[in-house]
Structure formats: C-alpha cells, structure tokens
Amino acid sequence: ESIEKGGYEHFMLKEIFEQPKSVKDSMRGRINAHKGHILLGGLREYINKLTQAQRIIILGCGTSWHAGLVAEYVFEELARIPVEVEYASEFRYRNPIINEGDVVIAISQSGETADTLAAIELAKSKGAIIFGVCNVVGSSIPRATHAGAYTHAGPEIGVASTKAFTAQVTVLTMMAIVVAKTKGTISDSLYRELLYALEAIPDQIQKTLNNHSQIKYISSIFRDARNFLYLGRGYNFPVALEGALKLKEISYIHAEGYPAAEMKHGPIALIDEEMPVVFIATQDSSYEKVVSNIQEVRARKGRVIAVVTEGDKLIKQMAEFVIEIPATHEALVPLLSVIPLQLLSYYIAVMRGCNVDQPRNLAKSVTVE
Ligand code: G6P
C-alpha cells in the first residue's frame, strides 16, 4: 500500500498533488489551443442533440453534483442553454418533467452510484438523450448512457473526491466550449482564449499546490474550530459548497457553504470572534460584492481566510489570511480555487487525528439507495 501511495502519507494527499497530471490527462488528445481544436470523441454521434438542446438537466450526487453546479454556470454563460442541476435521489422520486429537446448529463466518478443510475433509467424511459461524465471506464453508468466523455483522472482511492472533481469540471467545461463554438454563442477570440487558458491550468494548479506549507500553517491555527463557513459567489459558489463538504467529510467539523450574498439571510447570525469564514474572493465579476461581504464579516469579528487572485492588495488588508491563486478566465477559476480548500481540509483532518482516506460512515461508492 505504501508503494501505491507513491511516498505520500495518504491517498487523498497523493490525489490532490496528482491534479496537474490528472487534469492534463482529462484534456489529453482532446484540445489543441495552437490549432484551435477541441474534440470529445465520445460525444460525436450525439453532439447535435447537445448543441440543439432546449434545456440541460444535470444529475449527480455529492461532489459530482457540485461539479454539475459549476457546469451550470459555464454552460449558461458560454452556450446560453438553460441548465438545471438535480440531486439524482430527488429527481428519481418526483415524476420529473422531460420535454422533447431536453438533454441529460449524468456525472459520476465511480459510475456506480445507485441513485444516479436509477435517475438515468427514469430519464431514458421518458425519452431523454443521456450523456455520461464518468471516471471509471466500463462501469455501469457509462454503459447506461447514449454517449459520454470519460474524465481519465486515474483511480481515485481516497473516499473524499478531489482529482475526480477537477477532471469532471475540466470535461464539462470542454463540452460547454464545443457547444458554444458550434452554436456561435462565443466569439472566435473568446474561444481561443478559453483553449489557451485551459491548457495553462495544469501548471497553475501546480503553482497553487506549491503554497502547501502556508495552507498547512493556516490549518494549524484553525484545527480546533467547531464550525466553518465557506462563502463564494458566481462560479465560486459551488466551490464554497465543495470546500465545506470536504471539511465535513474528513475532519468532522461542521461546515456550511453558502452563496456569499445569502449570508445575511441566516449564517451571519453565527459569526463571532471564533468563527472561521473562508471566502473564495477571486477577481471576477462579483469581486466587489464579495469584498463588501468580507467587510460585513470583519465588522462582526469573524476570522477571515480568503482565497484571492495573485497580487490582490485590497483583501490582504482585510483578511487574517490570504491564499493566492493564479489568474485565469473567470469560467475556469473553480479548477484553481478548489485546490487550497482541498488542502485545508486535508491538513486539518490529519492534525485532528482523523482517518482521511476512510472517514467514518462514508463509502467511496454508494451502490444502495
Ligand atoms: C460518495 C462519495 C463521494 C462522491 C459521491 C458520488 O458519497 O463518498 O466522494 O462524490 O458518492 O459518487 P460518484 O461516484 O457518483 O461521483
């Protein structure tokens, strides 16, 4: 087992550090920015269904559902197709409406999640075309779908999903770009910009990972916290959810992810001088709004940890800790902003003596409903 861990103390840490490679693998042979190419072979036969979709319904559970939420923002922004993201377990039990022109994308690392599989069968019986975004080749979900794209992240052993998430977001983003290009909803120059930005992501993930000792230090400060709040807006809202989920799963600290603006409708009541609040506050279209949310937390003496874009000076003056990530196109930010949150949860869990690779009560793949 220690050989399989490749010198890392845990599978989860190995998988976090593998992300420059796993994200590259999910793009390998599919994208060439220089030539302006992007191609997902597994979609070819059904790509018109996706391009002409009136609505996309995304299904998943857990971290895969979070990847679906990121995809909602990306598809709507770039491809201008309305998207609904559903928990597979809710979808399958509520007689969902599927119209002609609706397309389903099911996301699953294992390809075996019982609720997702059942939701696919239900959607199929109502006539929907289903695409799969899965990691495990030959698993049940890819076999049940009409078409799909594997994430090619390699085996994920740690129960808490890390590299599968970034691979899912990468593949879904590529799908959105293909559709947007075909539909003409993005300009040629934005198309090129996105391809180059995607190709740069693996190196930028590496750069983010190089901050690990700073994140370890921050973890040592907050290891005994009893609650955590994660806040983000726009593309970073799903990242806030994912950051909170990671912490809950492996450290057993109660954590909530929220859209930063919703804070005033509830979570703000929890903020006192002991409450760590993780802001994902990169320089994008909601930056100024997030800055004012940080001020609201500071005014109530909350302890702010902020994930910011490299070179940000404003938030440095307000937050107790800032973690920098490289600048990229707004739609790709989740691929970078999630990395420090994975590390934060990992280090906190290890410092609390938790079994990070096999947290209590959780399973890698949930094959019962
Ligand atoms: C379990 C795992 C999670 C995963 C979820 C969905 O809860 O512990 O890490 O996100 O199932 O699994 P899937 O294989 O369908 O992505």
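Values quoted throughout were computed directly from the atomic coordinates according to the rules given, and no laboratory measurement underlies them. This is a predicted model, so every value here is computed, not measured. Positions of Cβ are backbone-derived with ideal geometry, glycine not excepted, and every protein chain shown enters the neighbour counts.
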Hydrophobic long helices for the chain, i.e. whole DSSP H runs reaching 20 angstrom or more by Cα along the axis with Kyte-Doolittle mean at least 0.5, come out as 163-183, 334-351
quick shape note, the range 303-350: Cα extents on principal axes in Å, largest first -> 31, 26, 12
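Evaluate E = 1/(1 + (r/R0)^6) for Ala261 and Ser220, where r is the Cβ-Cβ distance and R0 equals 41 Å; express this FRET efficiency to the nearest 0.05.
For R0 = 41 Å, the calculated efficiency reads 0.85.
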With a ≥ b ≥ c from the Cα gyration tensor eigenvalues, square-rooted, and the rule rounded for a/c under 1.5, otherwise prolate when a/b > b/c and oblate otherwise, the range 1-149 is oblate
Here the equivalent ellipsoid of the range 251-369, derived from its Cα gyration tensor, has semi-axes (largest first, whole Å) of 26, 19, 15
With the 8 Å Cα cutoff and a minimum separation of six or more residues, the chain has a relative contact order in percent of 19 percent
All alpha-carbon distances of the range 238-278, grouped into 5 Å bins from 0, give the whole-percent distribution 5, 22, 30, 26, 14, 2
Using the Kirkwood radius over Cα pairs of the range 1-88, the Stokes-Einstein translational diffusion coefficient at 20 °C and 1.002 mPa s, in µm²/s and rounded to a whole number, is 135 µm²/s
Stretched fully, the stretch from Gln54 through Val137 gains (0.36 nm per residue minus C-alpha distance, one decimal, in nm) 27.0 nm
As a Kirkwood estimate from alpha-carbon pairs, the range 227-300 has a hydrodynamic radius in angstrom of 12.1 Å
With Rg from the Cα atoms and Rh as the Kirkwood inverse mean 1/r over Cα pairs, the chain has an Rg/Rh of 0.95
Ranked by GNM mean-square fluctuation in the chain (Cα springs under 10 Å), the top entry among Lys35, Lys49, Lys301 is Lys35
Summing -39500 (n - 2.57) over every DSSP H run of at least 4 residues in the chain and dividing by its residue count gives a helix-only mean residue ellipticity at 222 nm, to the nearest 500 deg cm²/dmol, of -13000 deg cm²/dmol
The answer for chymotrypsin sites (Phe, Trp or Tyr not before Pro) in the range 17-98 that fall in a DSSP coil and have at most 16 neighbouring Cβ atoms within 10 Å is Tyr93
Long-range share for the range 91-130, i.e. C-alpha pairs more than 17 Å apart as a percent of all pairs, stands at 24 percent
Links exceeding 26 Å between C-alpha atoms in this model, out of Lys14/Lys364; Lys5/Lys248; Lys35/Lys124; Lys181/Lys246; Lys5/Lys246; Lys163/Lys316, come to Lys35/Lys124; Lys181/Lys246; Lys163/Lys316
Each label sits 7 Å from Cα toward the beta-carbon; between Asn210 and Glu274 the label points are separated, in nm, by 3.9 nm
At 37 °C and 0.692 mPa s, the Stokes-Einstein diffusion coefficient in µm²/s for the range 141-292, with hydrodynamic radius from the Kirkwood sum on alpha carbon pairs, is 182 µm²/s
Note to self: C-alpha centroids of the range 306-360 and the range 1-40 sit apart, in Å, by 19 Å
The rounded separation in angstrom of the Cα centers of the range 229-256 and the range 153-206 is 21 Å
